[in-house]
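Quick notes on the structure that follows.
The values are calculated or read from the model by the stated rules, or taken from the named source; none is laboratory data. As the structure is a computational prediction, the values presented were derived from the model and not from experiment. No Cβ is skipped: glycine too gets one built from the backbone with ideal geometry, and neighbour counts run over all protein chains shown.
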Ligand code: NAP
């Protein structure tokens, strides 16, 4: 049997994403020993019980010692603190990868603590659920999903290739881009939809209180579909909005302009404008719903 790509994997933050990545790598035969560090001892106990990790460590520092791949899977606001904490214990040749949902701010928080001889490959799997913790993890989470890598041009190419290969082998599709571009894209297709879901829930609850009626209880599938991600973790989303503030606010302004156009058409009874607005969205949504190929795509290099 060939030796695993990463004999020792350390996951710091053994929640949904860290646990799913560990399970996927193990299922693909890419890791030997898996250890973890986590602030939440219940999550650590659960990860051991579910055989996601072989052993827990007393600290994040102990977990990363001798690791070949260290995965930072804590909330984005904690990435820099964790990196500063573990930096001195990383072995030369080790690769550090974060899986944070925001890349610019996380890179800026992590890079200053990077020791010589350690490669840092930022990654963002566009995969997840509204659940948290190791109980919600599953090895197939990343299959057919994009994983965006945002390494610097100066990052060790061999390390980027090893990380890229690992994601590809667990079924993800990999693309590389700059962190700023990543953050603008994700503000549009992820952060904004979460903002809408949180806000829609608040609006429905306000109406329920004003009317004295269980409005949400009467909701059909459109409300359920539009608010699924409102059940997401508050700490994680607070951190994402704060660390990607500029891009999020830019998209909020764009969205408000679009909503205002639709609002105006409704107010004016402008049938043609309304129909055109909805028809455009319908065509885009139908095109998106078409099945996409699952086979891995080549890595797209961008300057
Ligand atoms: P999660 O299930 O809540 O797990 C995060 C774990 O990290 C928790 O057990 C948390 O403990 C622990 N933690 C927090 N601070 C720590 C520290 N300083 N040292 C050690 N452990 C610490 O979160 P997740 O959904 O897996 O998200 C993890 C990362 O993946 C985030 O950066 C997120 O942006 C990114 N991501 C998430 C998704 C998604 O859909 N969920 C998708 C792509 C990327 P406590 O519970 O005590 O805080």
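If you scan region 130-164, which residues turn out to be buried (at least 16 other Cβ atoms within 10 Å of the Cβ) and at pLDDT below 95?
Across region 130-164, the qualifying residue is only 132.
Being under 15 Å from residue 132 (Cα atoms) and outside any helix (DSSP H, G or I) is the filter here, so list the residues in region 36-49 that pass it.
If the condition is that a residue be under 15 Å from residue 132 (Cα atoms) and outside any helix (DSSP H, G or I), then 38, 39, 40 are the ones that fit.
I want to confirm something. Restricting to region 81-105 and keeping residues that are surrounded by 19 or more Cβ atoms within 10 Å (Cβ to Cβ) and more than 20 Å from residue 167 (Cα to Cα), which single residue is nearest to the ligand (Cβ to nearest atom)?
82
With region 50-156 as the region, which strands (runs of 3 or more DSSP E) entirely inside it contain at least 1 residues that are touching a helix residue (DSSP H, G or I) at 6+ places or on another chain (Cβ under 6 Å)?
69-72, 95-98, 146-149
With respect to residue 37, is the statement that it is at pLDDT 95 or above, touching a helix residue (DSSP H, G or I) at 6+ places or on another chain (Cβ under 6 Å) and near the ligand (Cβ under 9 Å from one of its atoms) true?
Yes: the conditions hold for residue 37.
Given region 173-241, what helices (runs of 4 or more DSSP H) lie entirely inside it while holding 3 or more residues that are over 26 Å from residue 110 (Cα atoms) and within 16 Å of the ligand (Cβ to nearest atom)?
By residue number, 192-211.
State whether one or more residues within region 210-218 are touching a strand residue (DSSP E or B) at 6+ places or on another chain (Cβ under 9 Å) and surrounded by 13 or more Cβ atoms within 10 Å (Cβ to Cβ).
Looking through region 210-218, none of the residues is touching a strand residue (DSSP E or B) at 6+ places or on another chain (Cβ under 9 Å) and surrounded by 13 or more Cβ atoms within 10 Å (Cβ to Cβ).
Can you tell me how many residues within region 6-21 are out of contact with any helix residue (DSSP H, G or I) (no Cβ under 6 Å at 6 or more places or on another chain), farther than 17 Å from residue 94 by Cβ and more than 6 Å from the ligand (Cβ to nearest atom)?
1
This table checks each residue for (1) more than 16 Å from residue 8 (Cβ to Cβ); (2) more than 12 Å from the ligand (Cβ to nearest atom); (3) surrounded by fewer than 24 Cβ atoms within 10 Å (Cβ to Cβ).
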| position | (1), (2), (3) |
| --- | --- |
| 41 | yes, no, yes |
| 48 | yes, yes, yes |
| 55 | no, yes, yes |
| 63 | no, no, no |
| 68 | no, yes, yes |
| 72 | no, no, no |
| 75 | yes, no, yes |
| 79 | yes, no, no |
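I need every pair where a residue in region 57-70 that is within 14 Å of residue 40 (Cα to Cα) has its Cβ under 7 Å from the Cβ of a residue that is within 12 Å of the ligand (Cβ to nearest atom) and in a helix (DSSP H, G or I), sequence separation at least 6 or different chains.
Sorted first by the residue in region 57-70, then by its partner, the pairs are 57/63; 60/82; 60/85; 60/86.
Which pairs have Cβ atoms under 7 Å, sit 6 or more apart or on different chains, and link a residue in region 215-235 that is touching a residue at least 40 places away in the same chain (Cβ under 8 Å) and within 13 Å of residue 190 (Cα to Cα) to one that is assigned to a loop (DSSP other than H, G, I, E, B) and within 16 Å of the ligand (Cβ to nearest atom)?
Cβ pairs passing all conditions: 228/130; 229/130; 232/130.
Mind checking whether some residue in region 116-125 is under 12 Å from the mean Cα position of the chain (by Cα), in contact (Cβ under 8 Å) with a residue 24 or more places away in the chain, within 9 Å of the ligand (Cβ to nearest atom) and surrounded by fewer than 20 Cβ atoms within 10 Å (Cβ to Cβ)?
The answer is no; no qualifying residue exists.
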